[in-house]
Amino acid sequence: MNNKEIWIEEKLEIKNGRALKVRITKSLEKIKSEFQEIEVVESQSFGKILLIDGVIMLTEADEFCYHEMIAHVPLCVHTEAQKVLVIGGGDGGTVREILKHDNVKEVDVCEIDEKVIEISKRHFPYLANSFDDPKVKIYCEDGNKFIKAHKDEYDIIIVDSSDPIGPAEVLFRREFYEAMFQALKDDGIVVTQAESFFYHSKIIKSLFSFIRDIYPISEYYYTLVPTYPSGIIGFTFCSTKYHPIDDFKETEALKLDDLKYYNKDIHKAAFNLPTFAQGYKY
Ligand code: SPD
């Protein structure tokens with residue numbers, strides 16, 4: 001595809017009558033895995049883009065807004081975390097950020113689709129090279145099954161999933177959050193990709209309807225990602241002991257000059273929701 005007038009529309013929201021349109025200059029690779037269609041395109045304004053089933057997972061231009069926030073928020077609260085599990089996250093961006101914390105000694109990654117890892121290594125090495133770090137172990141397995149086989153093991157679990165359609169649908173269910181609670185150590189934290197408060201209030205309300213029964217502390221925070229529907233995406237913060245604001249600590253990782261989005265003020269601000277969305281947690 002070399003036609004400079006080709007645009008892609010993000011499929012996720014089309015059924016709701018809205019779509020983000022991005023002009024692409026080249027299709028770099030498109031494959032169909034056992035689970036989904038994976039595509040990498042070159043765009044005019046956002047660099048390379050990774051799409052799964054026609055939905056934007058990341059772009060080179062704004063991936064840091066997502067990956068820094070999904071990783072550093074829990075790691076700057078539980079600053080002694082040594083063992084971290086990432087479910088999903090096959091592009092490597094979340095692991096890249098986790099490895100900036102020297103206290104972390106082991107990172108397990110459970111990505112259902114090995115093809116996501118392969119394609120990311122080819123097109124996004126600055127993300128996927130994080131998988132070569134000796135602290136990282138990769139399991140190409142179903143996250144819902146994997147989690148049930150682990151008890152009292154992880155300090156932090158991060159679910160860097162796609163949307164609740166297809167293989168990721170099960171990751172938005174009560175049984176999965178109960179199993180993650182069992183897999184955490186006594187003072188553990190779970191952070192999960194939890195959609196946009198503008199477009200997905202039903203999903204967020206459904207998550208909190210059971211999260212608040214399972215975890216003593218349950219909060220929602222968000223980040224700005226221009227290439228996601230509505231330009232916003234949020235995360236659940238589920239914790240047994242540490243409070244996301246009261247227990248925030250400035251760590252050495254925060255002093256690194258390669259953080260482009262996350263800082264101590266953003267950490268706190270991200271938990272302040274607009275008035276209309278505040279009730280979604282209750
Ligand atoms: N609507 C798209 C949500 C995608 C969230 N996960 C992105 C994976 C980036 N590591």
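Things worth noting here:
- Estimated dipole of the stretch 196-282 in Debye, rounded to 20 [Cβ of Lys and Arg +1, of Asp and Glu -1, Cα centre]: 320
- Heavy-atom accessible surface of the chain: percent carbon and sulfur, 1.4 Å: 49
- Principal axis box of the chain, alpha-carbon based, largest edge first, Å: 54, 45, 38
- Near the amide H of residue 225, within less than 5 Å, lie the amide hydrogens of 232, 233, all on another chain or at least 5 residues away, with H placed in the peptide plane.
- Residues in the stretch 248-282 reached by a label modelled at residue 133 [backbone nitrogen below 14 Å; 7 Å Cα→Cβ]: 252-254, 256, 258-259
- Net charge dipole size for the stretch 1-66 [Lys, Arg +1 and Asp, Glu -1 on Cβ; Debye, nearest 20]: 260
- Greater than 28 Å apart at Cα, pairs in 15/260; 151/255; 105/268; 30/137; 15/137: 15/260; 151/255; 15/137
- In the stretch 4-97, GluC sites (Glu not before Pro) in a DSSP loop with at most 12 other beta-carbon atoms within 10 Å: 5, 34, 80
- Rounded to the nearest Hz, the phi-derived 3J(HN,Hα) couplings of the stretch 37-54 under the Karplus curve 6.51 cos²θ - 1.76 cosθ + 1.60 (θ = phi - 60°) are 8, 10, 9, 10, 10, 9, 10, 6, 10, 10, x, 6, 10, 9, 10, 10, 6, x, where x marks glycine and proline.
- For the stretch 82-88, Karplus couplings with θ = phi - 60° (6.51, -1.76, 1.60), whole Hz, Gly/Pro x: 10, 10, 10, 10, 10, 9, x
- Between residue 32 and residue 173, the contour length at 0.36 nm per residue exceeds the alpha carbon distance by 48.1 nm.
- Measuring spread by the Cα atoms of the stretch 3-59 yields a radius of gyration and Dmax of 11.1, 31 Å.
- Backbone N under 11 Å from the residue 165 label point (7 Å along Cα→Cβ), restricted to the stretch 4-31: 10-17
- Note that the stretch 63-281 presents 39 Å² accessible area per residue, ligands and nucleic acids not counted, probe 1.4 Å.
- Mean sequence separation of contacting Cα pairs (under 8 Å, at least six apart), scaled by the length of the chain, corresponds to a relative contact order of 16 percent.
- Partners for residue 32 among lysines (Cα-Cα distance below 20 Å; same-chain residues under 8 apart left out): 11, 48, 115, 121
- Mean Cα-pair separation over length for the stretch 191-282, i.e. relative contact order, pairs under 8 Å, 6 or more apart, %: 35
- For the stretch 139-147, backbone phi angles converted through the Karplus equation (6.51, -1.76, 1.60; θ = phi - 60°) give residue-by-residue couplings of 10, 8, 9, 6, x, 5, 7, 4, 5 Hz, Gly and Pro being listed as x.
- Given charges at Cβ of Lys, Arg, Asp, Glu: the chain dipole, positive-most of 138, 276, 65: 276
- For the stretch 64-163, a crude dipole built from +1 on the beta carbon of Lys and Arg and -1 on the beta carbon of Asp and Glu, taken about the Cα centre, is about 120 debye to the nearest 20.
The values are calculated or read from the model by the stated rules, or taken from the named source; none is laboratory data. Predicted model only: the values in this text are computed from it and were never measured. Please note: Cβ atoms are built from the backbone with ideal geometry, for glycine as well, and neighbour counts cover all protein chains shown. When the accessible area is computed, the model is the full protein with side chains, heavy atoms only, and any ligands, DNA or RNA have been set aside. Shrake-Rupley method; radii C 1.70, N 1.55, O 1.52, S 1.80 Å.
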